[in-house]
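What follows is a single structure, written as structure tokens, with notes after it.
The values are calculated or read from the model by the stated rules, or taken from the named source; none is laboratory data. For clarity, every value in this text was computed on a predicted model and none was experimentally measured. All Cβ positions, glycine included, derive from the backbone under ideal geometry; neighbour counts span all protein chains shown. Accessible surface areas use protein heavy atoms only, side chains included; no ligands, DNA or RNA. Shrake-Rupley method; radii C 1.70, N 1.55, O 1.52, S 1.80 Å.
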Amino acid sequence: MNKNQPLEYLCPYCGVINAFELNSLRDMYHEQVETCFCCKKKLSLTAADGVEGQINLVITELENELQVK
């Protein structure tokens with residue numbers, strides 16, 4: 001895995017492709033908060049090891065009360 005590798009993901013709400021800069025040494029298995037640039041929904045992204053060295057991104061919308069971080 002590269003130290004910094006940009007990942008792309010689809011927003012689960014509007015379907016727009018967003019970019020996420022991942023620092024694989026620091027960010028793996030830690031929740032990151034991002035905002036979709038199109039619909040402005042707050043998203044929780046968690047990077048995890050996938051099959052054959054790939055990275056899986058688990059993406060969910062943050063609830064209003066959880067956005068205080």
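Within the range 25-52, track down each residue that is assigned to a helix (DSSP H, G or I) and surrounded by 15 or more Cβ atoms within 10 Å (Cβ to Cβ).
Step one: list which residues in the range 25-52 are assigned to a helix (DSSP H, G or I), which gives 25-27, 51-52.
Once the filter is applied, which keeps residues that are assigned to a helix (DSSP H, G or I) and surrounded by 15 or more Cβ atoms within 10 Å (Cβ to Cβ), the range 25-52 yields only Asp27.
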How do the pairs read when you match residues in the range 1-24 that are among the charged types (D, E, K, R) with residues anywhere that are surrounded by 12 or more Cβ atoms within 10 Å (Cβ to Cβ) and modelled with pLDDT of 90 or more, using Cβ under 9 Å and keeping only pairs 6 or more apart or on different chains?
Glu8/Asn18
Between residues in the range 44-65 that are farther than 11 Å from Leu22 by Cα and residues that are acidic (Asp, Glu), which pairs lie under 7 Å by C-beta distance while being six or more apart or on different chains?
Ser44/Glu31
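Which residues, taken from the range 1-24, are at pLDDT below 90 and either of a type in the set (A, V, I, L, M, F, W, C) or open to solvent by 30 Å² or more (accessible area, probe 1.4 Å) (or both)? Outline the logic, then answer.
Taking the range 1-24 and keeping what is at pLDDT below 90, we get 1-7, 20-24.
Those that are at pLDDT below 90 and either of a type in the set (A, V, I, L, M, F, W, C) or open to solvent by 30 Å² or more (accessible area, probe 1.4 Å) (or both): Met1, Asn2, Lys3, Asn4, Gln5, Pro6, Leu7, Phe20, Glu21, Leu22, Asn23.
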